[in-house]
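Engineer: Here's a structure for you.
A short reminder: the numbers here are calculations on the coordinates, not readings from a lab. These numbers come from a predicted model, not from an experiment. Glycine gets a Cβ as well: all are built from the backbone with ideal geometry, and neighbour counts include every protein chain shown.
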Amino acid sequence: MMTFNDVVEVIKGLSTDEKEEIQALLQQYLREERRDNIYDNFQAAQMEQQQGNLKFSSQIKELRQLIEE
């Protein structure tokens, strides 16, 4: 199994075009990961709302109290 340092060393040895392709792939993977996290959080929030566990308020003091709970 390759270590992180092994991967870095391999990348250093690649051509500029290959490095740019890896950069584009990493950006795509990170976008997908963030999108998945947002969707997971959305689903969890929907479940909490359906269970009646979400509380809403437009009052700042009440929001602070809810955050501290």
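Engineer: Return the calculated 222 nm mean residue ellipticity for the chain, to the nearest 500 deg cm²/dmol, obtained by summing -39500 (n - 2.57) across DSSP H runs with n ≥ 4 and dividing by the residue count. Don't skip to the end; give the middle numbers.
Structural biologist: Working: 3 runs with 53 residues, N = 69.
Computed ellipticity for the chain at 222 nm equals -26000 deg cm²/dmol.
Engineer: With unit charges on the beta carbon (Lys/Arg positive, Asp/Glu negative), name the residue among ASN41, LEU63, ASN5 whose Cα is farthest towards the positive pole of the charge dipole of the chain.
Structural biologist: Value: LEU63.
Engineer: Once fully extended, how much extra length lies between PHE42 and LYS55, figured as 0.36 nm per residue of separation less the alpha-carbon to alpha-carbon distance?
Structural biologist: 3.1 nm
Engineer: Based on the Cα coordinates of the chain, what is the per residue volume of their convex hull in Å³?
Structural biologist: In the chain, the Cα convex hull volume per residue is 184 Å³.
Engineer: Applying the Karplus parametrisation 6.51 cos²θ - 1.76 cosθ + 1.60 with θ = phi - 60° to the phi angles of segment 10-19, what ³J(HN,Hα) value in whole Hz is obtained for each residue in order, glycine and proline being reported as x?
Structural biologist: Values, residue by residue: 5, 4, 4, x, 7, 6, 4, 4, 5, 5 Hz.
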